[in-house]
1. Given the condition surrounded by fewer than 16 Cβ atoms within 10 Å (Cβ to Cβ) and not charged (D, E, K, R), answer yes or no: does some residue in the range 180-202 qualify?
2. Quick check: is even one residue across the range 219-230 acidic (Asp, Glu) and open to solvent by less than 30 Å² (accessible area, probe 1.4 Å)?
3. Of all residues in the range 313-325, which are over 28 Å from the mean Cα position of the chain (by Cα) and buried (at least 19 other Cβ atoms within 10 Å of the Cβ)?
4. Name, by its number, the condition in (1) at pLDDT below 70; (2) surrounded by 12 or more Cβ atoms within 10 Å (Cβ to Cβ) that does not hold for Ile146.
5. What are the residues in the range 270-319 that are basic (Lys, Arg) and in contact with a strand residue (DSSP E or B) (Cβ under 7 Å, 6 or more places away or on another chain), if any?
6. Which residue, of Ser86, Ser51, is modelled with pLDDT of 70 or more and buried (at least 17 other Cβ atoms within 10 Å of the Cβ)?
7. Of these, Glu455, Glu476, Glu419, Glu427, which one is closer than 30 Å to Asp251 by Cα, open to solvent by 80 Å² or more (accessible area, probe 1.4 Å) and at pLDDT 85 or above?
8. Across the range 275-285, what is the number of residues that are free of Cβ contacts under 8 Å to residues at least 60 places away in the same chain and open to solvent by 60 Å² or more (accessible area, probe 1.4 Å)?
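The values are calculated or read from the model by the stated rules, or taken from the named source; none is laboratory data. Note that the coordinates shown come from a computational prediction; the quantities given were computed from them, not determined experimentally. Cβ placement follows ideal geometry from the backbone for every residue including glycine, while neighbour counts extend to all protein chains displayed. Note: accessible area is taken over every heavy atom of the protein model, side chains too, but ligands, DNA and RNA are not part of it. Shrake-Rupley method; radii C 1.70, N 1.55, O 1.52, S 1.80 Å.
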Amino acid sequence: MKKVSLIIALTALMPLSAMAQQTLTLEDCHTMAAEANKDLELARQKVQMASYDRKIARANYLPNVSATGTYMYNSKNVSLINDEMSQTLSNMGTAVQGQLNGQMQQLMTAIKSNPSAAMEYMTSPMWQTVIGALSQTDVSAALNQIGTNISDAFNLDITNVYAGAVSIQQPVFVGGKIIASNKMADLAEELSRSQYDSQYEEAMVNVDQTYWQIVSIANKKKLAANYSDLLEQMMKDAEIYVEEGVAVKSDLLAINVKYNEAQMLLSRAENGLALSKMLLCKQIGLPLDSKIMLADEELDMIPEPQMLKSKDMDQIIADRPETRSLDLASRIYDQKVKIARADMMPKVALTANYLVSNPSAFNGFQNQFGGMFNAGVMVSVPLFHGTEALQKTLKAKTEAQMYRTKYDDACALINLQVEQLSKQENEALERMRMAESNLESAEENLRVAMVGYEEGVVDTIVTLQAQTAWMQAHSEYIDAGVELQMNHSNLRKAQGEYRTIE
């Protein structure tokens, strides 16, 4: 990616005249496409999201600590007794004093009605003092205050209520769900990376196709230009031969027809080359009107790709992102089976809380803060819920088996694909050898025909046929070389040889 940034920076700083000569290798195109491709950018973001999911799953091992605070305003207070009882308590002293005064009056009446008791009362200073003191005792105020205090105590002041709690929960056993969830998150992150690799392969193969298409069109453009120049020279020679009477005008017209065809081929090649370069610019993140030159564009011979090292099928399957994705998906659903099964198992957790409130009821009902700590063990045992957890488990098992079946089918298809592409590469290499041999023969045939034409021993039709055969042989050679490169690219993808840029 540093290389990409450097290329983009240099591109931005270069003057327009230098940009017109910007030359890119296939490796440069791969590097720039990896940075510019929007699908790859989305795939990288999915990898990042999967990494966050993995970290989220790790958090389930840790205790859950939470703090809660609340305030409530109440428009009315709570009274534990009704108004009648409150009034009775508030007047309790008055009622008791009235009872006491009545009892004293009854006592004095009883003493006065009994002569002996009256005589003893009159002659006993002690009884006179006691009964006098009792007659003068007033308990109404004190008892009324006590009753009022009791009544107030039954009226709870909850106008402003404050409460807070700090809670800690530590899972001890949840049926293996936490362990399975973490393994599933790890596998999901690997799956996202495998999907990125698949997107990367697709993007690189598309760049390869466009790159070698440009090389093919550029060579055919050069071939059309050479063919046009050759026919233009023949036209000049034919005009001289016609004036000298050693050739007929029909020969000149035949050459002119071929020349016009060559000009049309040249025009098509120029247009096709411009469009193909625009497509490549889009793929590698450059403006569509950028002037680029490919390193292999001016080569007279298309290079042969380096043959891939032999790999056994097990290694190929392990390197292919498609099979890795299917294998990871089946393993993810294996963990999903464990998660679904965990819903049928008991769950154990440790809990601890510290509670604080105002008003506080820990020492009567007081309008002040008071708190307490508690700790315990929480056990939850599922008993019956319509076999939901069982059905989820069976569904997850079926999904895991489905992906294993897809994996086996993909392995068989990859085996067939690799064998097919290997044979196609060998055939393409053989066609290139044959095209190279045919090109050598066509070039020699054209040389002999041109020498004979200049000496007047070979007529125009034969010379034009030799030129057409030469151009066809050259075109077939270009097609064979590009086909070999594309077969090589497809075989690299089939064998999982592309590597992502980290």
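1. Within the range 180-202, not a single residue is surrounded by fewer than 16 Cβ atoms within 10 Å (Cβ to Cβ) and not charged (D, E, K, R).
2. Of the range 219-230, the ones acidic (Asp, Glu) are 229.
Remaining after also requiring open to solvent by less than 30 Å² (accessible area, probe 1.4 Å): none.
Scanning the range 219-230 turns up no residue that is acidic (Asp, Glu) and open to solvent by less than 30 Å² (accessible area, probe 1.4 Å).
3. So in the range 313-325, the residues over 28 Å from the mean Cα position of the chain (by Cα) come out as 313-314.
Residues satisfying the conditions do not exist here.
4. (1)
5. Our first condition is that a residue be basic (Lys, Arg); within the range 270-319, this holds for 277, 282, 291, 309, 311.
Lys277, Lys291, listed by residue number.
6. Numbers: Ser51 fails: buried (at least 17 other Cβ atoms within 10 Å of the Cβ).
One residue alone meets the criteria, Ser86.
7. Details: Glu455 fails: at pLDDT 85 or above; Glu419 fails: closer than 30 Å to Asp251 by Cα; Glu427 fails: closer than 30 Å to Asp251 by Cα.
From the options Glu455, Glu476, Glu419, Glu427, the qualifying one is Glu476.
8. Step one: filter the range 275-285 for residues free of Cβ contacts under 8 Å to residues at least 60 places away in the same chain, giving 275, 278, 281-282.
Narrowing the set further to residues that are open to solvent by 60 Å² or more (accessible area, probe 1.4 Å) leaves 275, 278, 282.
Qualifying residue count, the range 275-285: 3.
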